[in-house]
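Each remark here refers to the structure printed beneath this line.
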Amino acid sequence: MRSILVAGVVATFASTALIGAAFAQGQPQWPATLPPPTETAPKVAPTTTAAQGDSSCPGNPDAIGTARTIAIDPKTSPMLGRLQYKQTLPLEKGEVVLTFDDGPLPPMTNRVLDALAHECVKATFFSVGTMAAAHPKIVQKILADGHTIGTHSQTHPLIFPKLTQEAGIQEIEQGFASVRVALKPVGGVTQPWFRFPGLGRTKFYEAYAQEHGLAIFSVDAVADDWLHLKPDEVEKRALERLEARGGGILLLHDIQPSTAVMLPDLLRQLKARGFRIVHVVPAGPGMTASLPSPGPSGRMPSTTAAKPSPAPGATTAAKPVTPTTPRVAAPAPRTATGVPAQAQAQAAVSSPQPIAPVSPQPAAGDGEGTQDNNPFTQFWPKVWNDTFGKIGQ
């Protein structure tokens, strides 16, 4: 009986939409050199914008809107997200950056886009290559709606840290290439931003990303929506963790039904609790790139008269805390093979630059360079214990 239950749970995990696509099969061949970009980079917003007022969102005077836009340069912000790194985006207390992984996938991604449009909110989508190839029209709509598009590998292998270096590089390159092909009919390009599948990083791939002008986006807060929770539980965890951290980069998944269902109310609750949405774009010519910082810390202060009052029955936030000025430290220079990083266009890149053969190094699968702190692995024991604990009762 227990073996049947174990098989059922394993099958459920294997089918979870977290992986976004099938695992990579076999050993991929060394990637062919990608063609140079020919598209024209889209125009980007200024580094900061005034907060959107009630009249700036057509049809929804109560929209939370997008408070401001910041520009990021991979050269000065190579790795971001306090869940895994020491620095994150230069956000003030109460500011949130919405990010969505693993898509696109109809109808969930469509509902996510509708919710964002209704609230005049801009977000960042980290698309999986195979999903972009299967649903190019949705990728094009993401761009047309003014959102930023990064990549999330080609097939979303959860064993990414254990892949050979050649296979891992192919996952990164093909992911960029697939999204670029999806955007080509509308003249769009991908941005030089990459998020590891399952947040599984290694020192080798971090160095590879830096050498090829890519910024690695980790996260500051998660909502556990990949665990197939009910919509209200996903929303509850998102709000609690953002309030505990004072804001930050929030990880969501646009392929998850619970996320698509709860997002409209999450946006309303963010406004009611005094949060503000920030949009992140690549630094283009004439724009001042923002430097990374330790990010917001501590609980959200209670709302002031200038902010919307919490909805009746909402939990009272902690007392205001006098913010301290964070010390902004530039990330230390890092190299992997001694090859200098190639110059990158600040506005955007359509794919990583063609690469030279990698100097022989131990594969990530050998253990050297592997960072055993994949946040997703922290949740599987809990799910396992919760499942079998209930069965044994």
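Could you identify the single residue in 234, 219 that is part of a loop (DSSP other than H, G, I, E, B), surrounded by 20 or more Cβ atoms within 10 Å (Cβ to Cβ), in contact with a strand residue (DSSP E or B) (Cβ under 9 Å, 6 or more places away or on another chain) and aliphatic (A, V, I, L, M)? The match here is 219. When 102, 73 are checked against the criterion of being in contact (Cβ under 8 Å) with a residue 24 or more places away in the chain, under 22 Å from residue 291 (Cβ atoms) and either surrounded by fewer than 21 Cβ atoms within 10 Å (Cβ to Cβ) or touching an Asp or Glu at 6+ places or on another chain (Cβ under 9 Å) (or both), 73 stands alone in meeting it.
What number of residues in segment 88-112 are part of a strand (DSSP E or B), within 17 Å of residue 223 (Cα to Cα) and β-branched (Val, Ile, Thr)? The number of residues fulfilling the criteria is 3. Tell me, please, whether a residue that is without any contact (Cβ under 8 Å) to a residue 40 or more places away in the chain and either under 28 Å from residue 265 (Cα atoms) or of a type in the set (A, V, I, L, M, F, W, C) (or both) can be found in segment 167-184. The answer is no; no qualifying residue exists. The criterion of at least 1 residues that are under 23 Å from residue 71 (Cα atoms) is met, among helices (runs of 4 or more DSSP H) falling completely within segment 114-211, by 136-144, 165-183, 203-211.
Among the residues making up segment 261-274, those that are without any contact (Cβ under 8 Å) to a residue 60 or more places away in the chain and assigned to a helix (DSSP H, G or I) are 262, 265, 266, 269, 272.
Please go through segment 244-276 and give me each residue that is at negative phi and touching a Gly at 6+ places or on another chain (Cβ under 7 Å), ordered by number.
Initial filter on segment 244-276 (at negative phi): 244-245, 249-273, 275-276.
Answer for segment 244-276, where residues must be at negative phi and touching a Gly at 6+ places or on another chain (Cβ under 7 Å): 249, 254, 255, 275, 276.
Quick check on my filter: what residues within segment 76-87 are among the aliphatic types (A, V, I, L, M) and assigned to a loop (DSSP other than H, G, I, E, B)? The one that is among the aliphatic types (A, V, I, L, M) and assigned to a loop (DSSP other than H, G, I, E, B): 83. On inspection, residue 230 does not qualify as farther than 23 Å from residue 79 by Cβ and without any contact (Cβ under 8 Å) to a residue 24 or more places away in the chain.
Checking the conditions here, which among 309, 258, 290 is modelled with pLDDT of 50 or more, assigned to a loop (DSSP other than H, G, I, E, B) and of a type in the set (Ser, Thr, Tyr)?
Result: 290 is the single residue among 309, 258, 290 that is modelled with pLDDT of 50 or more, assigned to a loop (DSSP other than H, G, I, E, B) and of a type in the set (Ser, Thr, Tyr).
In segment 194-202 there is at least one residue matching the filter, namely being in contact with a helix residue (DSSP H, G or I) (Cβ under 7 Å, 6 or more places away or on another chain), buried (at least 20 other Cβ atoms within 10 Å of the Cβ) and among the aromatic types (Phe, Trp, Tyr). Going through (1) touching an Asp or Glu at 6+ places or on another chain (Cβ under 8 Å); (2) surrounded by 24 or more Cβ atoms within 10 Å (Cβ to Cβ); (3) outside any strand (DSSP E or B) one by one, residue 252 falls short only on (3).
The values are calculated or read from the model by the stated rules, or taken from the named source; none is laboratory data. Worth saying up front: this structure is predicted, and the values here are computed from it rather than measured. Every residue, glycine among them, receives a Cβ derived from its backbone with ideal geometry; neighbour counts consider all protein chains shown.
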